[in-house]
Amino acid sequence: MQATTQLIHSIPVDPLTGAVSVPIYQTSTFVQEAPGVNKGFDYARTNNPTRATLENLIAQLEKGQVGIAFSSGLAAIDAIAKLLRPGDEIVAVDDIYGGAYRLFTQVYQQFGVTINFVDTSDPEKVFNAITPKTKLIWLETPTNPTLKISDIEAIAQIAKANRCLLCVDNTFASPALQQPLSLGADIVVHSATKYLGGHSDLIAGLVVTREKELGEKIKFYQNACGAILAPFDSWLVIRGIETLHLRVQQHCRSAQEVAEFLQQHPAVDKVYYPGLKDHPNHAIAKKQSKGFGGIVSFTLKQDNIAAANTFVTSTHLFKLAESLGGIKSLVSHPASMTHKTIPADKRRAAGVTDSLIRLSIGLEDASDLLQDLHQALEKSNTIINITAHDAVPC
């Protein structure tokens, strides 16, 4: 059975009414037949039928044993980090999402957890960074925002040999393109706010584990700490997942066109997209993923914040906003938005330069997106050249 067909028929029909849409069980509590005797639900923080459907669905999509839904992607990451103890170490991708960087360095570091940031696109660097105290390897692949690719299978073997967990943030690829658990990862995490939800109308996080015992530990933290996903938001993610494969196919097609266009533009310096054959990790991306995703990043020849700001405020179809993965195209400037909490020297060292711009390619017609990018680049170039000319003393 093809993945799209399997996905559609993994979403259950309501056994009580025959409804083809999963019901929203908007309730806080459930009647019990006797103390501790119930229909599998007692209190909605612990479990809820709508949320349980989503959790089972994402576990199937990621080919894992246990799915756990949280109120945000960061809440999901936080639950995974709670597996660690004082003195433990994390080996994390250097080009890391700013929110995860803040959580690891400003919250868990004060509790005695050490974070070592390395370029995980080189498995040897991961191997060399591991110490006897390393308990968790943290990957994003593709990374946010420079779209580095890490070899999940190779790093999974390193993790297993050193008895540490491997967690892969699969937000950018989604299970429509990549399934890290099948490649040896122990945990997958998603900001379901992005491609899984797909419509920029919710905040949610998901975790899937390969082994049931590990999933039950994270499930305990979900219940004990209470950062649960509400029934309506669970339903919104289910609704988004129904069209995931179709949306991702179009995102990928348009992103490839955008990346190839930007490569040819004289105002653009570097283009980051795994689908380009000159991307340093193109071969690995092709091996472990069914497609290259809907995110394209690039830098300008004028590598400064002013040039980037001029561009991101000149687009029409690309809306300047945080987040990504929705049906509308978005543009962001990581240095002053998603990655502003990372010190400038560390940000630049990881490739997030002052002019780096991240595009989330939506479902608009690709030709319209190319026209919008063209006019914004031309406007940006004109303003920059005029400014430079005026600055020359007479």
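Here are some notes:
- Test: residue in the range 344-366 that is part of a helix (DSSP H, G or I), buried (at least 18 other Cβ atoms within 10 Å of the Cβ) and at pLDDT 95 or above: no
- Out of Ile115, Ile155, Ile130, sole residue that is within 19 Å of Val189 (Cα to Cα), of a type in the set (Val, Ile, Thr), open to solvent by 10 Å² or more (accessible area, probe 1.4 Å) and over 18 Å from the mean Cα position of the chain (by Cα): Ile115
- Scanning the range 71-102 for residues that are in contact with a Leu (Cβ under 6 Å, 6 or more places away or on another chain) and assigned to a strand (DSSP E or B) yields a total of 2.
- In the range 301-325, the residues that are within 22 Å of Glu364 (Cβ to Cβ) and in contact (Cβ under 8 Å) with a residue 40 or more places away in the chain reach residues that are aromatic (Phe, Trp, Tyr) and surrounded by 21 or more Cβ atoms within 10 Å (Cβ to Cβ) with C-beta atoms within less than 9 angstrom, at least six apart or across chains, in these pairs: Val312/Phe318; Leu324/Phe172; Leu324/Tyr195; Gly325/Phe172; Gly325/Tyr195.
This table checks each residue for (1) assigned to a loop (DSSP other than H, G, I, E, B); (2) of a type in the set (D, E, K, R); (3) under 11 Å from the mean Cα position of the chain (by Cα); (4) more than 12 Å from Ile152 (Cβ to Cβ).
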position: Ala173; (1), (2), (3), (4): yes, no, yes, no
position: Leu177; (1), (2), (3), (4): yes, no, no, yes
position: Ser182; (1), (2), (3), (4): no, no, no, no
position: Val188; (1), (2), (3), (4): no, no, yes, no
position: Leu202; (1), (2), (3), (4): yes, no, no, yes
position: Leu206; (1), (2), (3), (4): no, no, yes, yes
position: Leu214; (1), (2), (3), (4): no, no, no, yes
position: Lys217; (1), (2), (3), (4): no, yes, no, yes
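- Filtering the range 158-170 to residues that are open to solvent by less than 10 Å² (accessible area, probe 1.4 Å) and under 25 Å from Ala204 (Cβ atoms) leaves Leu166, Cys167, Val168, Asn170.
Listed here are the residues, each with its yes/no results for (1) in a helix (DSSP H, G or I); (2) in the same structural domain as Leu236 (by the TED database); (3) modelled with pLDDT of 90 or more; (4) within 29 Å of Arg247 (Cβ to Cβ).
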{"residue": "Leu7", "(1), (2), (3), (4)": "yes, yes, no, yes"}
{"residue": "Val13", "(1), (2), (3), (4)": "no, yes, yes, yes"}
{"residue": "Leu16", "(1), (2), (3), (4)": "no, yes, no, no"}
{"residue": "Val22", "(1), (2), (3), (4)": "no, yes, yes, yes"}
{"residue": "Gln26", "(1), (2), (3), (4)": "no, yes, yes, yes"}
{"residue": "Gln32", "(1), (2), (3), (4)": "no, yes, yes, no"}
{"residue": "Thr46", "(1), (2), (3), (4)": "no, yes, yes, no"}
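The values are calculated or read from the model by the stated rules, or taken from the named source; none is laboratory data. Please read all numbers here as calculations on a predicted model, not as lab measurements. Glycine also receives a Cβ, built like all others from the backbone with ideal geometry; neighbour counts cover every protein chain displayed. Side chains included, ligands, DNA and RNA excluded: accessible areas come from the protein's heavy atoms. Shrake-Rupley method; radii C 1.70, N 1.55, O 1.52, S 1.80 Å.
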